[in-house]
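Working notes, structure below.
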Amino acid sequence: MIIQKTREEIELMRESALIVSKTLGMIASEIKEGVTTLYLDKLAEEFIRDHGAVPSFLGLYDFPNSLCMSPNAQVVHGIPNNTPLKNGDVISVDCGAFKNGFHGDHAYSFEIGEVAPEVKKLLRITKESLYVGIREFKAGNRVEDVGNAIQKYTEAHGYGVVRELVGHGVGQKMHEEPEMPNYGKRGRGKMFVEGMVVAIEPMINMGTRNIKQLKDGWTILTADGKPSAHFEHDVALIDGKPELLSTFQYIYKALGIESNEEDEFRQIPLIL
């Protein structure tokens, strides 16, 4: 069952989402060659708690940490460890925060130092596909309209779209209905309704769409060992249109990046 949120609940969700956004912005200032993912995870947990929230992922389905950190060929659900990041790595950082009874949940793929041009392109196309998908989250459309748009955009560049892992509804529970796949056929799936909040999250591989899982029971890798990219936003359906609750602007501020990519998805301008 799809759980529709009131405007008041959506604003509480925006607060949770923005705590995640600020956490990722803090991570953007700290993530670099030689730093370990376990160190970044500890920073994130302290930051989330200092902002009056609790880490959504810590203990969720027995996950042991506050961040999912997935470098290079890891797609998602990587467990933070003491291996230092290297120049040329890319890493998905997925974060959740729970405050006022609601979760925020989104992700960004970071570059470490000098990254190969073909990997930079993978990240760029994957992030662009996120917004291509968000444009389809509107009144009258259905779940697979979003997935179809993401799939067509990324497969046109020869990339593999992961099938086994999907986006999802989000609210008082981290994972609510509907599932939001990154592939599909137009006109299929549940219809979008006012007050829905979903996490849209393309997981796109440079090579094959096939994946495998490590024996730790969590880490998902590409089957061919090629890099993967992952970006995620929380989006509400307000007045029939997609409204971003999360933002990458804290990341961009930390990295010195100018971007207006989110403007079309905000009824009220974001003030950092």
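Label zone of ILE3 (point 7 Å out along Cα→Cβ, amide N under 15 Å): in the stretch 191-206 this covers 195-199. The 3J(HN,Hα) values that the Karplus relation (6.51, -1.76, 1.60; θ = phi - 60°) gives for the stretch 243-248 are, in residue order, 10, 5, 9, 9, 8, 9 Hz. Gly and Pro appear as x.
Counting only protein heavy atoms and a probe of 1.4 Å, the accessible surface of the chain is 51% carbon and sulfur.
Per residue, the chain exposes 43 Å² of solvent-accessible protein surface, assessed with a 1.4 angstrom probe and all protein chains in place.
When the chain is fully extended, how far beyond the present Cα-Cα distance does ALA254 get from VAL35, taking 0.36 nm per residue of separation?
On the way: separation 219, 0.36 × 219 = 78.84 nm, distance 1.68 nm.
Contour length minus Cα-Cα distance gives 77.2 nm.
Long hydrophobic helices in the chain: the complete DSSP H runs spanning 30 Å or more by Cα along their own axis with mean Kyte-Doolittle hydropathy of at least -1.0 are 7-30. Restricting attention to the stretch 112-188, the count of lysine pairs at 8 or more positions apart or across chains with alpha carbons under 27 Å apart stands at 11.
The distance linking the stretch 142-197 with the stretch 235-251 is 16 Å (Cα centroid to Cα centroid, whole angstrom).
Let me know the shape class of the stretch 167-272, please: from the alpha-carbon gyration tensor, a ≥ b ≥ c as square roots of the eigenvalues, rounded when a/c is under 1.5, otherwise prolate if a/b is greater than b/c, or oblate. Present the calculation step by step, with values, prior to reporting the outcome.
On the way: a/c = 2.01, a/b = 1.28, b/c = 1.57.
Note, shape of the stretch 167-272 comes out oblate.
The values are calculated or read from the model by the stated rules, or taken from the named source; none is laboratory data. Not measured: the values here are computed from a predicted model. Ideal geometry is used to build each Cβ from the backbone, glycine not excepted, and the neighbour counts take in all protein chains shown. For accessibility, only protein heavy atoms count, side chains too; no ligands or nucleic acids. Shrake-Rupley method; radii C 1.70, N 1.55, O 1.52, S 1.80 Å.
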